[in-house]
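Trainee: Attaching a single structure in C-alpha cells format; questions to follow.
None of the figures in this text is laboratory data; all of them are computed from the coordinates on show. Quick caveat: nothing in here was measured; it's all calculated off a predicted structure. When we count neighbours, we look across all protein chains shown, and the Cβ atoms used for this are built from the backbone with ideal geometry, even at glycine.
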Amino acid sequence: MSPSKVTFLGTGTSQGIPMIACDCAVCQSTDERDKRLRVSVHIEIGGKSFIIDTGPDFRQQVLRAGIKRLDAVLYTHEHKDHTAGMDDVRGFNFHQQSSIPLYARAQVIEQLKREFAYAFGENKYPGVPEIDVYEIDGQPFTVQGINIQPIFVKHFYLDVLGFRFGNFAYVTDANSIAPDEQNKLRNLDVLVINALRKTTHVSHFTLAEALELIADLKPKQAYITHVSHQMGLHAEVQKELPPNVSLAYDGLVLNL
Ligand SMILES: [Zn+2]
Ligand SMILES: [Zn+2]
Ligand SMILES: [Zn+2]
C-alpha cells in the first residue's frame, strides 16, 4: 500500500533556514519556500497517520500542518535534528489517551534513552511522554497493518534508514547508497531524496549527485529535501531541475 497524502513538515538542513545571524540572500528571502524547518514528513496511509523523525521543530510543525492524530513515529537515525522534539508526543498522549509507538534501530533507541532518560524506566514523573519503543533493522516490518520496507543508506560512516511504503520512498541524510539497497528504490512513483547544496559535503548528497541517482532510479517524480541555505534561492534552483524533479518546501502536500 502507498500513502494517500504526504505533507512535508520540514525540508531544511540541521540548522534550519533562516540560519541564526545569517545575512545571506536565502536566509533573508521573503519567499516562504526559502523558510525551512528541520526535516520531517507526515504520511497518511491506509487511514493511519505516521511521522518520520521528530526534530527540534516537531511541535510547531504538527500545529502548522493541523495534524490531529499520530499512530506511530519512524526514526531514520539518531542525529539531534531528527530526534530533539520527541518530548512533544505528549500532546498526542493526552489527546488520544494512548501511548505512541516509536520505531527505530537499536542505536537510535539508545540515543533516545540518553536524550530522554525521564521517559524510560521505572517511577516516571506524571506527564512525561508515554511511548512504546519497537526495534527495527533492515528487514521489512509492519506497523498497524501497513507494510514498510527499510532501506539502508550511508551518511558518512553512519547507517541511516530510508523507508518505502508501496510506490513512495523517503530517504534523508545520505551521501551513498549500496547497489543492493538502491534496487529497493526502483519502480517508484515518488522518491524523496536529500541534497544539501551544490558543493561537496562529507555526509549528504550534492544536488548533482542526487540528480544522477534520480536519473538512474527513474522514479516518476522526485523531491529534494534536507536543503541548506547554501543551495540557493528556491525559485532559482527549481528552474535548473529536470521536469520530474522538484525542490520540496515546507508545507508542500502530495495527494497521491
Ligand atoms: Zn539531518
Ligand atoms: Zn544564510
Ligand atoms: Zn544526520
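Trainee: What is the Cα coordinate range of the chain on the first, second and third principal axes, sorted by size from largest, in whole angstrom?
Mentor: 54, 42, 35
Trainee: For segment 18-60 and segment 103-153, what is the separation of their Cα centres, given in Å?
Mentor: A separation of 22 Å, based on Cα centres.
Trainee: Let me ask something additional. For Asn183 and Arg114, calculate 0.36 nm times their separation in residues minus their Cα-Cα distance, and state this gained length in nm to one decimal. Display every interim value, and only then the final one.
Mentor: Working: separation 69, 0.36 × 69 = 24.84 nm, distance 3.46 nm.
So the chain would gain 21.4 nm between Asn183 and Arg114.
Trainee: Say each of Lys124 and Thr199 gets a label point 7 Å from the Cα, pointing the same way as Cα to Cβ; how far apart are those two points in nm?
Mentor: If labels sit at Lys124 and Thr199, their model points lie 4.5 nm apart.
Trainee: Then there's this: Which of the chymotrypsin sites (Phe, Trp or Tyr not before Pro) found in segment 122-164 are loop residues per DSSP with 11 or fewer other Cβ atoms within 10 Å of their Cβ?
Mentor: Tyr157
Trainee: I've got another one for you. Kindly flag which residue pairs out of Lys5/Lys80; Lys154/Lys220; Lys5/Lys198; Lys35/Lys68; Lys80/Lys124; Lys35/Lys124 have an alpha-carbon separation exceeding 32 Å in this structure. Let's see the in-between values first.
Mentor: On the way: Lys5/Lys80 26 Å; Lys154/Lys220 24 Å; Lys5/Lys198 29 Å; Lys35/Lys68 24 Å; Lys80/Lys124 23 Å; Lys35/Lys124 37 Å.
From the list (Lys5/Lys80; Lys154/Lys220; Lys5/Lys198; Lys35/Lys68; Lys80/Lys124; Lys35/Lys124), the Cα-Cα distance tops 32 Å for Lys35/Lys124.
Trainee: If you don't mind, another one. Length gain on complete extension for the stretch His95 to Ala235, per 0.36 nm per residue less the alpha carbon to alpha carbon distance?
Mentor: Answer, rounded to one decimal: 46.5 nm.
Trainee: Residue by residue, what Karplus-based ³J(HN,Hα) values in Hz, rounded to whole numbers, does segment 72-89 have, using 6.51, -1.76 and 1.60 with θ = phi - 60° and x for Gly and Pro?
Mentor: Here the 3J(HN,Hα) series is 6, 10, 10, 9, 7, 5, 8, 5, 4, 5, 10, 10, 4, x, 4, 3, 7, 5 Hz.
Trainee: So how far apart, in nm, are the two label points at Gln144 and Lys5 if each is 7 Å from Cα heading toward Cβ?
Mentor: Taking the simple label geometry, Gln144 and Lys5 are separated by 1.5 nm.
Trainee: OK, next. Using the Karplus equation 6.51 cos²θ - 1.76 cosθ + 1.60 (θ = phi - 60°), what ³J(HN,Hα) coupling, rounded to whole Hz, does each residue of segment 183-198 give in order, writing x for Gly and Pro?
Mentor: In residue order, the calculated couplings are 5, 7, 10, 9, 6, 9, 7, 9, 10, 9, 9, 7, 8, 7, 6, 8 Hz.
Trainee: Same structure again: Could you compute the longest span of the chain free of GluC sites (Glu not before Pro) located in DSSP loops and having at most 14 other Cβ atoms within 10 Å, not counting the site residues?
Mentor: The reported range is 1-121.
Trainee: Here's something else I'd like to know. Can you list the HN-Hα couplings for segment 129-138, worked out from phi with the Karplus curve (6.51, -1.76, 1.60; θ = phi - 60°), rounded to whole Hz and with x for Gly and Pro?
Mentor: x, 9, 10, 10, 9, 10, 7, 10, 8, x
Trainee: Using modelled amide H (1.01 Å from N, peptide plane; none on Pro or chain starts), what sits under 5 Å from the amide H of Ile131, excluding residues fewer than 5 places away?
Mentor: Ile100
Trainee: Which percent, nearest 5, of DSSP beta bridges in the chain are antiparallel?
Mentor: 55
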